[in-house]
Amino acid sequence: GMGLLIVGVSQGNVSTRVICWASAAGLAITALILLGVGWETRTVLNGMFVMDKFAGFMKLLILTGLIASLALSVRYIIQEGMERFEYPILVIFAGVGMMMMVSANNLLTLYMGLELQSLSLYVLAAFHRNSIRSSEAGIKYFVLGALSSGMLLFGVSLIYGFTGTIDFTSIGETVSTLEVIPYGLTFGLVFVLAGLAFKISAVPFHMWTPDVYQGAPTSVTALFAIVPKIAAFGLLMRLLFEPFMGMSDQWIQIIYFIAVGSMVVGAFAAIAQNNIKRLLAYSSIGNMGYALIGLVAGTAEGAGAVVLYLAIYMIMTAGVFAVVLSMRRQGMAVYRLKDLSGLSQTNPGMAYPLAILMFSLSGIPPAAGFFGKLVVFNAAVASGYYILAVIGVVSSVVAAYYYLRVIKVMFFDEPADAFDKGIPFARRAILFISVLFVLGFAIKPNLFVSSSFDAASVLFTG
């Protein structure tokens, strides 16, 4: 990142495309180095930073998502006239923050990683300086993000005050020896959870999501949808299953409420949306609700289900945004649902892959999305949370309405004007990989399922 920043400063904005692809190559090299490093559990920096199978697996997901986001962005930032070299460098620094988050073993490391990611994303949300919507999205995200950071820090200070430490291992030992959990410690955990719920756009901290998704440049919206939630979930799982496992009675109630709220709001609020970016925002809120069900289960099976669900969701979302970024008429981006009218006739190469991804998002077998929901609901039922699983299934059925509505518009409505020809190779490649994964998952699901469950089991075995 620092090296490319020097290149950008010396060469100017003409080097943007080169820096974008160099950034993607750098992330790919990082992934290869990560695969070459041993994933046995070990800590460094006086116990502040931990590396284990869970961190390794989540980092691979984050790096894959960042590479996909950059590949989707290159042509878009040129088309929209925001070809500035800072864009890919901000993505890299956001990625550094995300990778730090999933390896945090200390409340200070947690905050450092979270803020490095957030500050980069605030700038990216407002990156289209000439657009009022983009500036508005950036300001909303910044103000609400600062509020959530404040709540998180207040929670951290309470946890430190009642346990006398900010180290995850020491907090876990202190919590396990307490006969009665002090109210102050519970309040601290509530504030920390509120700050993290904002990062994954879970109800009731979701209010920024539709506006920021709609206002931010679409390539940035794709980044928001694909990657930061994986990092925030990784951090949340490490926090709840390691230092605060002894307080599971308290936090399960909070996560239960957040999961139900997210699923219901995500299912019903999206029905009224006519802008595809806002629709995908509510879809992401609902999907985070399904993922949270695995946390409520509070078991290794539930944690594995969350990791698998996030991986499937990331790949599906990347494919959907490959299509959304290609929705252009006469050089102008269009985002209304009715702009997709009759797409199966004017551009079947976009319509059929998008239909497959929509079926997968709605959880229709044999697509990968079905298996993601199945393992999450299974984990809830295995832990006795029958009502939560039923709410999940019902909201999934409601949400299927707006996913299938997209398919209905593409295949049964009168055709609108055709989109511009010439979809970049990178977008077509990501769309192809996404569809291939969604359809091929049923053939060999154990490969992904066992990897996810194996990574998550580390949080319970230490």
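The values are calculated or read from the model by the stated rules, or taken from the named source; none is laboratory data. This structure is a prediction, so every number in the text was calculated from the model and none was measured. With ideal geometry, Cβ positions are generated from the backbone for all residues, glycine too; neighbour counts draw on all protein chains shown. Note: accessible area is taken over every heavy atom of the protein model, side chains too, but ligands, DNA and RNA are not part of it. Shrake-Rupley method; radii C 1.70, N 1.55, O 1.52, S 1.80 Å.
Annotation note: of P424, P353, the sole residue that is more than 23 Å from the chain's Cα centre (by Cα), in contact (Cβ under 8 Å) with a residue 60 or more places away in the chain and within 27 Å of K338 (Cα to Cα) is P424. Only a single item in (1) open to solvent by 30 Å² or more (accessible area, probe 1.4 Å); (2) closer than 25 Å to V50 by Cβ is not met by I200, and it is number (1). The helices (runs of 4 or more DSSP H) located wholly in the range 140-232 that include 2 or more residues which are under 24 Å from F127 (Cα atoms) and of a type outside the set (S, T, Y) occupy 183-199, 209-215, 218-226. Across the range 384-405, what is the total count of residues that are of a type in the set (G, A, S), within 16 Å of M263 (Cβ to Cβ) and either outside any helix (DSSP H, G or I) or in contact with a strand residue (DSSP E or B) (Cβ under 9 Å, 6 or more places away or on another chain) (or both)? The number of residues fulfilling the criteria is 0.
Cβ separations smaller than 7 Å between residues 6+ apart or across chains give the following pairs from the range 356-374 residues that are without any contact (Cβ under 8 Å) to a residue 24 or more places away in the chain to residues that are open to solvent by 10 Å² or more (accessible area, probe 1.4 Å): F370/G363; F370/I364. Condition first: of a type in the set (S, T, Y), in contact with a Phe, Trp or Tyr (Cβ under 9 Å, 6 or more places away or on another chain) and farther than 21 Å from L110 by Cβ. Now tell me which residues in the range 129-182 satisfy that. The answer is S134, and nothing else. None of I62, I92 is open to solvent by 10 Å² or more (accessible area, probe 1.4 Å), of a type in the set (V, I, T), in a helix (DSSP H, G or I) and out of contact with any Leu (no Cβ under 6 Å at 6 or more places or on another chain) except I92.
Going through the range 449-459 one residue at a time, which ones are open to solvent by 60 Å² or more (accessible area, probe 1.4 Å) and either within 11 Å of F57 (Cα to Cα) or not in a helix (DSSP H, G or I) (or both)? The answer is D454, and nothing else. Residues of the range 266-300 that are over 19 Å from M358 (Cα atoms) and buried (at least 20 other Cβ atoms within 10 Å of the Cβ): L292, I293, G294, L295, V296, A297, G298. Does L236 qualify as being over 20 Å from M207 (Cβ atoms), assigned to a helix (DSSP H, G or I), open to solvent by less than 10 Å² (accessible area, probe 1.4 Å) and not small (G, A, S)? Criteria not met by L236. When the residues of the range 406-441 are filtered to those that are farther than 25 Å from I67 by Cβ, aliphatic (A, V, I, L, M) and outside any helix (DSSP H, G or I), the one that is least open to solvent (accessible area, probe 1.4 Å) is A416.
Going through (1) in contact with an Asp or Glu (Cβ under 8 Å, 6 or more places away or on another chain); (2) open to solvent by less than 30 Å² (accessible area, probe 1.4 Å) one by one, Y313 falls short only on (1).
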